[in-house]
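See structure below.
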Amino acid sequence: MSEVVNSWNEWDPLEEIIVGSADGANFEPTEPGNRPQIRNAAPGTPFPTGPKSAEQVDRANEELAGLAEVLRSQGVRVRRPAPHDFSQPVRTPDFEVANQYCAVCPRDVMITVGNEIIEATMSRRGRYFEFEPYRELVYEYWNADPRVGWTTAPKPSMANKMYREGFWDWPLAERHARMHEFEFCITQDEVVFDAADISRFGRDLIVQESMTTNRAGIHWLRRHLEPKGFRIRPVHFPLDFFPSHIDCTFVPLRPGLILTNPDRPLREGEEKLFLANDWELVDVPEPTTGNDDMPEYCQSSKWLSMNVLSIGPNKVVCEEREKPLQDLLAKLDFEVFTIPFRHVFEYGGSLHCATWDVRRTGTREDYFPNSDYQPLV
Ligand code: ARG
């Protein structure tokens, strides 16, 4: 029997995947790690709280069902999260938050690293319990195959002291001055990471230092995964002043090809690892929608355009309106599937974010044979 959980990179032929659900979704709470804003609203306009409307939920669910449909048509087994009441508050000894968020973006919470499932620590209070809708599936996989590993990363306190709250009020000039420090709204004291800051390349995991992943989080990943033969390689995108989740910035599509974001180049010198190992970095075209025209409750940038999902090394799903990117992908010899997905944007992501792949064919390969790596021990 082949492994029930087996996914080593972002592009091998897809066999089984979880597609998120907007059921029970709430507006993300304002908290030290997040200050959501209505797009183009007057300063000070409060962000809504509590459950999203039935219409908002239905529209997103329809598009998520469309994604599931395309994946099934390609022979992929599609699974969905269990229902969860996100309107419940969270109260721990260290904090309290009025409601939770949603199960639209499993990518942010869950990651498959080979035959192991890792639940991220998460970085925001409203997402503290976001692993719950996936636990039934995790138990199913874990029970089905003794080779399945399952790790939950240590939960941080998410107490006030974990956050640098002034961060949200720094003027642009200060952000610019600080852009090489890579200090954001979380401090370095506790282990913090969201799963979506990691991009899987076989033996190597590329991890972005961000608002949602700190250096202690990266250190934890190293200590946990290096003994298993992985290499953890931090990357930085100094021109992204609000970095969170790597999949709108740096998107590998097959061995040798990474889609890159022209507004967010790698920190100088970090491109060498890729170039020395024959990876081509290809800038994506300008998105078809400007930042000002993104859906009003969407907290992500226009670069959701490049958040494509690989069904295999020559097959990708791309948002319906992103014609320039579709043309580029076709030129690069991909078969491109297009679906509408814009109503999902206000739930934190697009096609890659809204999924968590648990099984792809393939094994662990070394895509970076030409590199020095200093393991911790
Ligand atoms: N911060 C990214 C941007 O605005 C959005 C990332 C979404 N990714 C995700 N996995 N939820 O460009």
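The values are calculated or read from the model by the stated rules, or taken from the named source; none is laboratory data. Note that the structure is a prediction, hence the values are computed from the model and not measured. Cβ sites come from the backbone with ideal geometry, for glycine too, and all protein chains shown count toward neighbours.
Brief remarks follow.
- Pairs with Cβ under 8 Å, 6+ apart, first in segment 97-124 and among the basic types (Lys, Arg), second at pLDDT 95 or above and away from the ligand (no atom under 12 Å from the Cβ): ARG124/GLU31; ARG124/GLY33; ARG124/MET158
- All positions within segment 92-101 that are surrounded by fewer than 12 Cβ atoms within 10 Å (Cβ to Cβ) and touching a strand residue (DSSP E or B) at 6+ places or on another chain (Cβ under 8 Å): GLU96
- If you go through segment 78-130 and pick out every residue that is of a type in the set (A, V, I, L, M), farther than 22 Å from ASN160 by Cα and touching a Phe, Trp or Tyr at 6+ places or on another chain (Cβ under 9 Å), you end up with 8.
- Among the residues of segment 121-154, those that are part of a loop (DSSP other than H, G, I, E, B) and within 16 Å of the ligand (Cβ to nearest atom) comprise THR121, MET122, SER123, ARG124, GLU130, PHE131.
- Conditions (1) modelled with pLDDT of 95 or more; (2) more than 16 Å from the ligand (Cβ to nearest atom); (3) out of contact with any helix residue (DSSP H, G or I) (no Cβ under 8 Å at 6 or more places or on another chain): number failed by GLU165: (1)
- Against the list (1) surrounded by fewer than 21 Cβ atoms within 10 Å (Cβ to Cβ); (2) without any contact (Cβ under 8 Å) to a residue 60 or more places away in the chain; (3) within 16 Å of the ligand (Cβ to nearest atom), the condition ASP189 fails is (3).
- Cβ separations smaller than 9 Å between residues 6+ apart or across chains give the following pairs from segment 344-363 residues that are within 16 Å of PRO13 (Cβ to Cβ) and of a type in the set (S, T, N, Q) to residues that are part of a helix (DSSP H, G or I) and within 13 Å of the ligand (Cβ to nearest atom): THR355/PRO106; THR355/ARG107.
- Pairs where the first residue, in segment 54-79, is farther than 26 Å from VAL5 by Cα and without any contact (Cβ under 8 Å) to a residue 24 or more places away in the chain and the second is surrounded by fewer than 18 Cβ atoms within 10 Å (Cβ to Cβ) and not β-branched (Val, Ile, Thr), C-beta under 9 Å, 6+ apart: none
- Among the residues making up segment 155-166, those that are assigned to a helix (DSSP H, G or I) and touching a residue at least 24 places away in the same chain (Cβ under 8 Å) are ASN160, LYS161, MET162, GLU165.
- In segment 288-311, the residues that are more than 13 Å from the ligand (Cβ to nearest atom), of a type outside the set (A, V, I, L, M) and under 22 Å from VAL104 (Cα atoms): ASP293, GLU296, TYR297, SER310
- Test: residue in segment 359-375 that is closer than 30 Å to CYS102 by Cα, modelled with pLDDT of 95 or more and within 16 Å of the ligand (Cβ to nearest atom): no
- Residues within segment 277-286 that are out of contact with any Gly (no Cβ under 8 Å at 6 or more places or on another chain) and assigned to a strand (DSSP E or B), tallied: 3
- Selected residue (criterion: nearest to PHE368 (Cα to Cα)) from residues of segment 194-224 that are within 16 Å of the ligand (Cβ to nearest atom) and assigned to a helix (DSSP H, G or I): ASP197
- Residues in segment 225-276 that are part of a loop (DSSP other than H, G, I, E, B), among the aliphatic types (A, V, I, L, M) and more than 16 Å from the ligand (Cβ to nearest atom): ALA276 only.
- Selection within segment 213-233 - surrounded by fewer than 20 Cβ atoms within 10 Å (Cβ to Cβ) and more than 16 Å from VAL113 (Cα to Cα): ARG215, ALA216, HIS219
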